[in-house]
Structure formats: C-alpha cells, structure tokens
Amino acid sequence: MKLIYNKIFLEHTTPPGHFENRKRLESLGNLTETDIISGEPFLELVHTKAHIEKIKEACKFSEMIDADTFAVPESYTVAIRAVGAAIMASQTNGFAIVRPPGHHAHPNLASGFCLFNNIAVAVQKLVNEGKRVFILDFDGHLGDGTLRTFYNTDKVLFWSLHQYPAFPGGGFVNEIGDGKGKGYSINVPLPPESGDDTFMHAIHNFMPIAEQFSPDVVAISAGFDAHIEDPLLQLRVSANTYHTIGQLLQSKFKNIFAVLEGGYNATYLPKCLYNFQAGINSDKMYFSEKETISSASVLKDYTQRASLLLKELSPYWKLPSTLTGI
C-alpha cells in the first residue's frame, strides 16, 4: 500500500489552534508527491448540487460553515483533490493522505472539519462499476456522513468502531441500516477509556460479517484519534493495534485502499499511520509502545453493548449466539 499525497493538501487553512491543521500532514515527513486528479466530476455521485454550490460559495468568501468547519478560497480546490486522491487510492490499493477529512460530510451537509465525503464518493464510484464494498471506519468518531450515505443499500457494508457517546452523536447498536440495507450497517459503540483489548475484541468478533459479505474491495476510513494520546477523545488504543489491524485485513482481503480521516496528535499520528501501512504491507511494526488494558467497568459496559449488537445483527448474518474471548 503506497501513500498518495500532494502538497496541495497543506493549502486548506484553518484558524490558529484548530486541531485539523497542516501540521498533521507535515508530521509525516517529506512525502513523495503524486499528481492528483480532480474529484469534481464525481462529487454528484454522493453530494447534491446545492451542497456543492454552498461549499463553493463558502470557500469563495472564507465562511465558517459551522463552529468547527472552515473554508478559505483555496479549500474548494483542495477538497476536490482530496476526493480525487481517494478515487486514485481505490484504483491502486493505495492510501490517500489527504485533508480536509471526509467521513462527517453528508450528501447535503458539511460537518466535523469535512467538506466532501472523500471515501464515500470513491466507494459509490466502485458500486456504480458493479463492485461490492466493505467500509471499515476505525476512526474514533462515528463516520456519520458515510453511515447515512449507504444506510439503505446492500451493496456496501459499513462498519464503524467509535467512542460513544462522543461527537457527532448517534452510532448505537440499533442503527443497522434500513430497507435493502437492513443489517449492512454495523456500529460498535466503545465506552470511553476502551483500550487495545476492547478494540481488538470488537474487530475479531464482528469480522465474520465482513468475510460473509465477501467484498470485491475493502475501503478503510483510517482515522487515528482512538489513540491514547489524541486530544479529542478518551479512547486508549496504542499504536500497536493499528499494525495488528493492518495485518489482519491483509490476511483476509485482497483489494484494500485507505483514506486518511482523523488523528490530531502530530507526534503520534505518524507512528499510528505508518504502523497501519506496515501491517497492510506485511512489514515490521514501525513503532511499538505498551499495550493498553481496559478496566473491569469498561469491559462490562462494552460487553453489554456488544451483546446487544450481536442480537441486532444475528438475523442477517451467521454469528455465535454469545460473545467469545472476553
């Protein structure tokens, strides 16, 4: 899995002190640049014309879209290249190193630092080409925009692991899809203070669903803000877990691409990201640190939630009657 990057992604400017800033990508070192296609011709695969025009205007006049989401004149060009990079990654099994992130953007709404939903556009393009796509969103926040985009389809399996409660709200176990999509949305709501053991238990226990779905392509919303040192959440995942997830995915699926979402500690973002890339590529762990263990109260809370999720999904997939390995 090669990184797809261009310095244009540094040109989306946010106010001083904003967590989503250019230092996130600068922390990754001197990355090789790639010529990035424009994603503008593909925006309407997911987004409404009204939303696209609203973002254009917001960028033109440097408007605040909401309390967290900003636009400057360069932002529209940057954002459509981020979509383009996601599409390129989907065609090459690459990793799109982009900003602004995308998974909070709905078809008609920008939110949570996100203008357009980079991964959703790339995935919808694949679906239109006849592909079945499994999206794993392991960012510590619910990818609510992606969830809602694919909530009514059986062509996309969407699986999110996220802190609950936390921004943007929602993402509890009973949100499993609607219509043809019933059973094709998996939300694992992790209690605050969840560690490596809880995170990986969820991965192992619900991975059989992804295998039964038998995707043509696996799309990863790769956010790293579940890390213990991230300033925006209270999860306690170590960098080691991202290497483990990469290894596991590589062992089970053939066509995998990734798009960067969150991760707001510039010291640990590269360690987590390069660990994940190394896992996918069957390379040694880039950075190792002490693994984390959840407290008894966190494990109890998680077990109750995961058991409820198991019951919600059991009518749609072959799953054990009870959780194992906890």
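Some points to look at:
- Sorted from greatest to least, the principal axis extents spanned by the alpha carbons of the chain come out as 54, 43, 36 Å.
- Computed over protein heavy atoms with a 1.4 Å probe, the accessible surface of the chain works out to 39 Å² per residue.
- Listed residues P315, P100, P189, most fluctuating in the chain (Gaussian network, C-alpha, under 10 Å): P315
- Each residue was assigned an accessible area with a 1.4 Å probe, and for E63 the value is about 90 Å².
- Angle of helix 118-128 to the longest C-alpha principal axis of the chain, folded into 0 to 90 degrees and rounded to 10: 80°.
- Cα shape, the range 1-100, gyration tensor, a/c 1.5 rule: oblate
- Helix 196-213 vs. the chain, principal-axis angle (Cα, 0 to 90°, nearest 10): 80
- Highest-fluctuation residue, P168, P16, P107 considered, GNM on the chain with Cα pairs under 10 Å: P16
- Residue separation of D35 and Q91 scaled by 0.36 nm, minus their Cα-Cα distance, works out to 18.7 nm of gained length.
- Here each label is just a point 7 Å from Cα along the line to Cβ, and for D154 and Q250 those points are 3.5 nm apart.
- Estimated distance in nm for a label pair at K131 and A67, the labels positioned 7 Å out from Cα along Cα-to-Cβ: 3.8
- Length-normalised contact order of the range 262-326 in % [C-alpha pairs under 8 Å, at least 6 apart]: 19
- The candidates M88, M64, arranged from most to least accessible area with a 1.4 Å probe in the full protein assembly, appear as M64, M88.
- Available extension along the chain between M207 and A266 is 18.2 nm, counting 0.36 nm per residue and deducting the alpha carbon span.
- If R0 equals 51 Å, the separation of the Cβ atoms of K318 and T77 corresponds to a calculated FRET efficiency of about 0.65.
- Full extension of the chain between S282 and D178 yields a length gain of 33.7 nm, computed as 0.36 nm times the residue separation minus the alpha carbon distance.
- The chain - percent of accessible surface contributed by carbon and sulfur, probe 1.4 Å: 50
- 10 Å-binned pair-distance histogram of the range 193-323 (Cα, whole percent): 12, 38, 37, 12, 0
- Over the chain, dividing the summed -39,500 (n - 2.57) contributions of all DSSP H runs of at least 4 residues by the number of residues returns a 222 nm mean residue ellipticity of -11000 deg cm²/dmol.
- Label positions at E289 and E57, each projected 7 Å from the Cα along the C-beta direction, are separated by 4.4 nm.
- Between 0 and 90°, nearest 10: helix 296-313 axis offset from the chain longest Cα axis: 80
- Heavy-atom accessible area order for S251, S221, largest first, 1.4 Å probe: S251, S221
- As a ratio to 2.2 N^0.38 Å, the alpha-carbon radius of gyration computed for the range 124-247 takes the value 1.01.
- Between the C-alpha center of the range 95-168 and that of the range 253-287 there is a gap of 18 Å.
The values are calculated or read from the model by the stated rules, or taken from the named source; none is laboratory data. This one's a predicted model, so the numbers in the text were calculated from it and none came from an experiment. Cβ sites come from the backbone with ideal geometry, for glycine too, and all protein chains shown count toward neighbours. Heads up: the accessible areas ignore ligands, DNA and RNA and are worked out on the full protein's heavy atoms, side chains in. Shrake-Rupley method; radii C 1.70, N 1.55, O 1.52, S 1.80 Å.
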